[in-house]
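The values are calculated or read from the model by the stated rules, or taken from the named source; none is laboratory data. Worth saying up front: this structure is predicted, and the values here are computed from it rather than measured. Note that each Cβ is placed from the backbone with ideal geometry, even for glycine, and that neighbours are counted across all protein chains shown. Side chains are part of the model used for accessible areas, which takes the heavy atoms of the whole protein and leaves out ligands, DNA and RNA. Shrake-Rupley method; radii C 1.70, N 1.55, O 1.52, S 1.80 Å.
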Amino acid sequence: MMESSVWAALELSLTCISALSLISPAWFQTATFSFGVLTYCSWPQSDRWNQSCRTFGALDDIPDFAWKVSAAFLLGGWLLLAFNAIFFLSWALVPKGLCPGRGSGKMLSMQSAAATTTIVGLLVFPISLASPFAKEACGASSVYRRGQCQLGWGYVTAILSAVLASLLIVIRRPRMTQVRGPTVLFSSDTEKIILVPEMSK
């Protein structure tokens, strides 16, 4: 029960971090403009607190094909993380007898798919820096070159969530259990193998 609760809390936290990075407009930014996967903001140079922000309402509104592909992958990765978190939460709340398959490899597969999908989305997104939208904001930007834009906290947070998702896979991976049996010793004096039976405790 305790272990399920810890995993549910970790998965929910990771899902929230990923969602925060997705809605953040601060993936790349200049002194008066910033944009992320789903939102972008502009403000007067002397007044950063007076921001005007907009959201891309659908994939068709996103200005570049690579950007659309990245958004689809990142949203897909987030949905997989959210489903994973819901399953872990249900395992934490449902009595153990009602959920005999808890801790199965299917959840690990879903976590792996979420991490892989998110990483692909993060690798594809900088290709959109060659789009007219990004060039207008960042100046001489191109594929994997940010021009005058600075890397924002939203992109860094998305990278962090992908790293954490990958680490959870490694931590959650089933460990090999040691099979107990007779101990094998090798005596160099007699050049014989000696089998020592396991002592009952």
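Taking amide H as placed 1.01 Å from N in the peptide plane, the amide H of Phe28 sits under 5 Å from that of Phe35, Gly152, each at least 5 places away or on another chain. On the basis of the beta-carbon distance and an R0 of 45 Å, Thr32 and Leu167 show a calculated FRET efficiency of 0.75. The length gained by stretching the chain between Trp153 and Asn50 to full extension, at 0.36 nm per residue less their Cα-Cα distance, is 35.2 nm. Pairwise inverse Cα distances across region 1-71, averaged and inverted, put the Kirkwood hydrodynamic radius at 14.1 Å.
Ranked by solvent-accessible area (1.4 Å probe, protein heavy atoms only, all chains present), the residues Ile127, Ile86, Ile62 order from largest to smallest as Ile86, Ile127, Ile62. Each part reduced to its alpha carbon centroid, region 47-78 and region 132-155 end up 14 Å apart.
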